[in-house]
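Heads up, the thing below is written out as structure tokens.
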Amino acid sequence: MESPKAQPPRLRHTVADGVATVVISNPAKRNAMTAGMWRALPELLGQLAVQEAVRVLVLTGEGGTFCAGADISSLQAPGEDPQSLAVRAEEALAAFPKPTLAVVRGYCVGGGCQLATACDLRFAEQGSRFGVTPAKLGIVYPAASTRRLAALVGPAAAKYLLFSGELIGTERALRAGLVDEVLPEDELGRRAAEFTRILVSRSQLTQCAAKEFAAGRTDRDAYWAEQARGSGDTAEGVAAFLERRAPRFTWAPEAAGFPASTGR
């Protein structure tokens, strides 16, 4: 019997129950990102961002690995700038207007760590390994990526990772703030599903505004105050609390022209 034909490197995605799940799939190379995958990610994220059915995005890897970095062999084509491709993908992920969660198993290294860091939150399986490895290749890590890493884990931890290129385990990653929760293998999927259900049930108005403010967009107070006044979400949240029922929030970024209105 012939073995099943290997699938080409790709980004798979599904949408169900308010959650878009994007899967990095290149198992032959531990889900390393090819040039084509880097190029495809911003377009895919743009499509998902404007779908009303999508309220949360999960990024994960095929099988037991998140992403082992960039597939160096695919980035040697004349005129290709590997860093520019990766940074564009990272920036598109960071700018995604709805909550994003990286679900990490196994190796999360190099470009994989770059993508995980661009997500809002990270849940990891016990025993996963994290690393930022440009010092092993003589590469200057992009300024924007360095700032994002330092903002997440602090300057000292960022320097440790960047200077050494050493891999760290989940305990140290949790202490540094690189991950938010560490779970056993048999609990990670259940916890991620439970948490995304919580996110889907909450106010998108609150989430989108908080995401902008946390990213430093402090010039948008008036915009969000106007959105809050017209949304009805506050009145619904208070009524639901008093009536001891689940709230039915109605504000949606698509109807408000967000994120297009942000100018990002």
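Take the residues in the stretch 213-242 that are of a type outside the set (Gly, Ala, Ser) and within 21 Å of Arg197 (Cβ to Cβ); name whichever of them is surrounded by the fewest Cβ atoms within 10 Å (Cβ to Cβ).
Step one: filter the stretch 213-242 for residues of a type outside the set (Gly, Ala, Ser), giving 213, 217-221, 223-224, 226-227, 229, 233-234, 236, 238, 241-242.
After this cut, where a residue has to be within 21 Å of Arg197 (Cβ to Cβ) as well, the list is 233, 236, 241.
Values: Asp233: 20, Glu236: 16, Phe241: 10.
Ranking the candidates gives Phe241 first.
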Within the stretch 220-253, the residues that are touching a residue at least 24 places away in the same chain (Cβ under 8 Å) and either of a type in the set (D, E, K, R) or within 12 Å of Ser203 (Cα to Cα) (or both) are Arg220, Ser231, Asp233, Gly237, Ala246, Pro247, Phe249, Trp251, Ala252, Pro253
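For the stretch 145-157, does any single residue satisfy the condition of being charged (D, E, K, R) and surrounded by fewer than 16 Cβ atoms within 10 Å (Cβ to Cβ)? First the steps, then the outcome.
Taking the stretch 145-157 as the starting set, the residues that turn out to be charged (D, E, K, R) are 147-148.
Still in the list and also surrounded by fewer than 16 Cβ atoms within 10 Å (Cβ to Cβ): 147.
Yes, that holds for at least one residue.
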Matching residues, the stretch 19-65, being within 21 Å of Arg202 (Cβ to Cβ) and more than 16 Å from the chain's Cα centre (by Cα): Val50, Gln51, Glu52, Ala53
Under the condition of being among the polar types (S, T, N, Q) and either crowded, with 24+ Cβ neighbours inside 10 Å or under 17 Å from Thr146 (Cα atoms) (or both), which residue from the stretch 101-127 is farthest from the chain's Cα centre (by Cα)? Gln114
Show the residue pairs meeting these rules: Cβ distance below 6 Å; 6+ apart or different chains; first residue within the stretch 141-156 and free of Cβ contacts under 8 Å to residues at least 40 places away in the same chain; second residue in a helix (DSSP H, G or I) and among the polar types (S, T, N, Q). Leu149/Thr117; Leu152/Thr117
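The numbers here are math on the coordinates, done by the rules we state, and not lab data. Because the structure is predicted, anything quoted here is derived from the model rather than measured. Glycine gets a Cβ as well: all are built from the backbone with ideal geometry, and neighbour counts include every protein chain shown.
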